[in-house]
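What follows is one structure encoded as structure tokens, with my remarks underneath.
The values are calculated or read from the model by the stated rules, or taken from the named source; none is laboratory data. Note that the coordinates shown come from a computational prediction; the quantities given were computed from them, not determined experimentally. So basically every Cβ, Gly included, is an ideal-geometry build from the backbone, and we count neighbours across all protein chains shown.
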Amino acid sequence: MRAFQDDYPDRFSHCFGCGKLHPRGLRLKTFWDAADPERTLTRFTPAPIYSGGVPEHVYGGLIAALFDCHGTASAAAFACRAEDRPLERLVRYVTASLKVDFLRPTPQHAELTLRARLLEHSGRKVRLAMELAAAGEIRAQAEMLAIRFRPPEAEADADPRDAALQTQ
């Protein structure tokens, strides 16, 4: 199964968290959640180098980064779905705001699952609610506002079918 990030154009695939071309990145992969098709899902097991101030627990900066990459990939996928566009024509989204609530410590050696659901899609904006769970418990929640990215060079290379999207 192809992850949403697999359809990012190479020029937008250098993100530390989800870029397939970043030499040391996390290479996160986001998919539709098979258990709930109205949500997206990312799974990640943190390496020991991502420990926080409390031994055997993940540091908050990594959790925020996971929400950031999971959220922007999810925003792009939700926008494709809302606009009846195939994922192969994914348009890159970037974070405009990210609010994270850390609910309880996140254990270091457990698989982390991130899920997102769409709250709102309006023009270039996508608003999401997200959660991060480990060992069967929700450890953090986040809300994101993501914006469709419009770099000048992307507009020159844009698929003509996407012209309406570039002006919104």
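Details
- If you go through segment 123-135 and pick out every residue that is modelled with pLDDT of 95 or more, over 18 Å from LEU62 (Cβ atoms) and among the small types (Gly, Ala, Ser), you end up with 1.
- Top-ranked residue of segment 45-84 - restricted to ones that are within 20 Å of SER97 (Cβ to Cβ) and not hydrophobic (A, V, I, L, M, F, W, C), ranked as surrounded by the fewest Cβ atoms within 10 Å (Cβ to Cβ): GLY61
- Some residue of segment 98-106 being of a type in the set (Phe, Trp, Tyr), exposed (fewer than 15 other Cβ atoms within 10 Å of the Cβ) and free of Cβ contacts under 8 Å to residues at least 60 places away in the same chain: yes
- Test: residue in segment 134-157 that is part of a loop (DSSP other than H, G, I, E, B) and without any contact (Cβ under 8 Å) to a residue 12 or more places away in the chain: yes
- Test set (1) crowded, with 22+ Cβ neighbours inside 10 Å; (2) over 11 Å from the mean Cα position of the chain (by Cα) - LEU118 fails condition number: (1)
- Selection of segment 70-80 for residues being under 14 Å from GLU120 (Cα atoms) and either touching a helix residue (DSSP H, G or I) at 6+ places or on another chain (Cβ under 9 Å) or assigned to a strand (DSSP E or B) (or both) yields SER74, ALA76, ALA77, ALA79, CYS80.
- Any chance THR42 is of a type in the set (Ser, Thr, Tyr), part of a helix (DSSP H, G or I), buried (at least 19 other Cβ atoms within 10 Å of the Cβ) and within 13 Å of the chain's Cα centre (by Cα): no
- Failed criterion for ALA154 (all others in (1) of a type in the set (Gly, Ala, Ser); (2) modelled with pLDDT of 60 or more; (3) surrounded by fewer than 18 Cβ atoms within 10 Å (Cβ to Cβ) hold): (2)
- Residues (part of a loop (DSSP other than H, G, I, E, B) and charged (D, E, K, R)) located in segment 24-39: ARG24, ARG27, LYS29, ASP33, ASP36, GLU38
- Within segment 93-113, the residues that satisfy the criterion of being in a strand (DSSP E or B) and more than 10 Å from ALA134 (Cα to Cα) are TYR93, VAL94, THR95, ALA96, SER97, LEU98, LYS99, VAL100, ASP101, PHE102.
- Residue in segment 11-23 that is of a type outside the set (Gly, Ala, Ser), at pLDDT 90 or above, crowded, with 17+ Cβ neighbours inside 10 Å and not in a loop (DSSP other than H, G, I, E, B) present: no
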